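Structure first, then comments.
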Amino acid sequence: MGYREIPPPRPLRGEIECAWTAGVAAGAPTESIDVLPDGCMDLVWTGRELLVAGPDTGPHPVSRAPGVLSAGLRFAPGRLPALLG
């Protein structure tokens with residue numbers, strides 16, 4: 001499955017950097033990666049819960065379970081807190 005970024009629709013550019021999906025194929029080993037800080041915040045669906053991630057000040061370890069697809073929206077710096085109030 002891997003990681004894939006999708007550009008936002010033109011009207012959302014400036015608010016959203018990208019949409020993304022990430023996953024590990026069923027039957028593959030669990031994948032562990034470090035997410036590096038980029039100044040952005042993401043609204044993430046993990047396959048079980050909705051959460052807000054970032055902005056990070058250092059690498060953040062993430063484990064991806066096989067067969068579970070995660071998806072998210074990466075917001076431009078400062079935009080998600082403004083939208084969430």
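Among the residues examined, Arg79 qualifies as surrounded by 15 or more Cβ atoms within 10 Å (Cβ to Cβ) and modelled with pLDDT under 95. Scanning segment 57-70 for residues that are in contact with a Gly (Cβ under 9 Å, 6 or more places away or on another chain) and not hydroxyl-bearing (Ser, Thr, Tyr) yields His60, Arg64, Ala65, Pro66, Gly67, Val68, Leu69. Scanning segment 1-12 for residues that are out of contact with any Ser or Thr (no Cβ under 7 Å at 6 or more places or on another chain) and assigned to a strand (DSSP E or B) returns Gly2, Tyr3, Glu5, Ile6. Cβ-Cβ distances below 8 Å connect the following pairs, each with a first residue in segment 51-73 that is without any contact (Cβ under 8 Å) to a residue 24 or more places away in the chain, a second residue that is surrounded by fewer than 17 Cβ atoms within 10 Å (Cβ to Cβ) and of a type in the set (A, V, I, L, M, F, W, C), and a separation of six or more residues or different chains: Ala53/Val35; Asp56/Val35; Asp56/Leu36.
Residues that are within 21 Å of Ser32 (Cβ to Cβ) and surrounded by 13 or more Cβ atoms within 10 Å (Cβ to Cβ) within segment 55-73 comprise Asp56, His60, Val62, Arg64, Ala65, Pro66, Gly67, Val68, Leu69, Ser70, Ala71, Gly72, listed in sequence order.
Of all residues assigned to segment 57-75, none qualifies as being aliphatic (A, V, I, L, M), closer than 24 Å to Glu15 by Cα and in contact with a Lys or Arg (Cβ under 9 Å, 6 or more places away or on another chain).
The values are calculated or read from the model by the stated rules, or taken from the named source; none is laboratory data. What you see is a predicted model; the values in this text were computed from it and never measured. Heads up, the Cβs are rebuilt from the backbone with ideal geometry, glycines too, and the neighbour counts pull from every protein chain shown.
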